[in-house]
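**Student:** Pasting in a structure now, in structure tokens, and then I'll have a few things to ask.
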Amino acid sequence: MPEYEYKSPLAGYENAEPLPTTINPDGKSLYNPPGPLSAAYEQFPAPIDSSNNGFDFHIYHKPNSPEEAKYAAELHERIRREFPEFRIYKFWDKPIGPHPVPMFEVNVFNPHQTGTFFSWLAVNRGPCSVLIHPNTNDGYRDHTELATWMGTPWPLNVSMLQHAPRRAPQAPKAA
């Protein structure tokens, strides 16, 4: 029995018209008829709880590599200068929490910031690995099943997250 139940990704489209099988002029991609934009462009999909922040980016560096630590410190400063609207935590020189190596954390608050920072890191992360995860109030699942990596994944100490109480969703903050 799986730990989590997965609903069909087609839930809500059961009675939709069949999609065309027409190939675009590039000879490879499929023609998609025009339609409304996904709500995911403007708000995170459930179960992501964006009342605090939607996604965490943990940028890791090897503790035994002075060159990589220097690059990570410079990347930390660059992110603080280029993305002052993000929540950027201190630069750790030792492992903390479930993270097995030194890192720093960056929080983003909406889908546009998430996509922007993801694409920016893809070309600027250098030798650093990046753990990216949503915040769904289930820290264990967020750091394991729902996580994605840029670079080499590191084995996390998730035992401390397995029995942690789930954080109750907070009411949206007033604008």
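**Student:** Please state which of the following conditions GLY115 fails to meet, knowing it meets all the rest: (1) open to solvent by less than 50 Å² (accessible area, probe 1.4 Å); (2) in a loop (DSSP other than H, G, I, E, B).
**Tutor:** (2)
**Student:** Can I ask one more? Just to check your reading of the model, which residue among THR136, THR152 is β-branched (Val, Ile, Thr), assigned to a loop (DSSP other than H, G, I, E, B) and free of Cβ contacts under 8 Å to residues at least 24 places away in the same chain?
**Tutor:** THR152
**Student:** Within the stretch 43-53, take every residue that is in contact (Cβ under 8 Å) with a residue 40 or more places away in the chain and among the small types (Gly, Ala, Ser) and give me the one that is surrounded by the most Cβ atoms within 10 Å (Cβ to Cβ).
**Tutor:** Step one: of the stretch 43-53, the residues in contact (Cβ under 8 Å) with a residue 40 or more places away in the chain are 43-44, 47-53.
Narrowing the set further to residues that are among the small types (Gly, Ala, Ser) leaves 50-51.
Details: SER50: 19, SER51: 14.
Residue satisfying both the conditions and the ranking: SER50.
**Student:** Within the stretch 12-27, does at least one residue satisfy the condition of being open to solvent by 70 Å² or more (accessible area, probe 1.4 Å), aromatic (Phe, Trp, Tyr) and either at pLDDT below 95 or closer than 24 Å to PHE118 by Cα (or both)?
**Tutor:** Within the stretch 12-27, one or more residues are open to solvent by 70 Å² or more (accessible area, probe 1.4 Å), aromatic (Phe, Trp, Tyr) and either at pLDDT below 95 or closer than 24 Å to PHE118 by Cα (or both).
**Student:** A further question follows. All but one of (1) at pLDDT below 95; (2) charged (D, E, K, R); (3) over 18 Å from the mean Cα position of the chain (by Cα) hold for ASP49, so report the exception by its number.
**Tutor:** (3)
**Student:** PRO33 is checked against (1) closer than 20 Å to PRO111 by Cα; (2) in contact with a Pro (Cβ under 8 Å, 6 or more places away or on another chain); (3) open to solvent by less than 100 Å² (accessible area, probe 1.4 Å) and fails just one. What number does that condition carry?
**Tutor:** Of everything listed in (1) closer than 20 Å to PRO111 by Cα; (2) in contact with a Pro (Cβ under 8 Å, 6 or more places away or on another chain); (3) open to solvent by less than 100 Å² (accessible area, probe 1.4 Å), PRO33 misses just condition (1).
Residues are listed down the side, and each one gets a yes or a no for (1) charged (D, E, K, R); (2) touching a residue at least 24 places away in the same chain (Cβ under 8 Å):
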residue	(1), (2)
SER8	no, no
GLU17	yes, no
TYR41	no, yes
PHE55	no, yes
GLU74	yes, no
PHE83	no, yes
GLY97	no, yes
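**Student:** Next question, about the same structure. Out of the residues in the stretch 56-97 meeting the condition of being at pLDDT below 95 and of a type in the set (Lys, Arg), tell me which one is surrounded by the fewest Cβ atoms within 10 Å (Cβ to Cβ).
**Tutor:** Checking each candidate, the answer is LYS94.
The values are calculated or read from the model by the stated rules, or taken from the named source; none is laboratory data. Note that the coordinates shown come from a computational prediction; the quantities given were computed from them, not determined experimentally. Every residue, glycine among them, receives a Cβ derived from its backbone with ideal geometry; neighbour counts consider all protein chains shown. The area values use the complete protein model at the heavy-atom level, side chains included, leaving out ligands, DNA and RNA. Shrake-Rupley method; radii C 1.70, N 1.55, O 1.52, S 1.80 Å.
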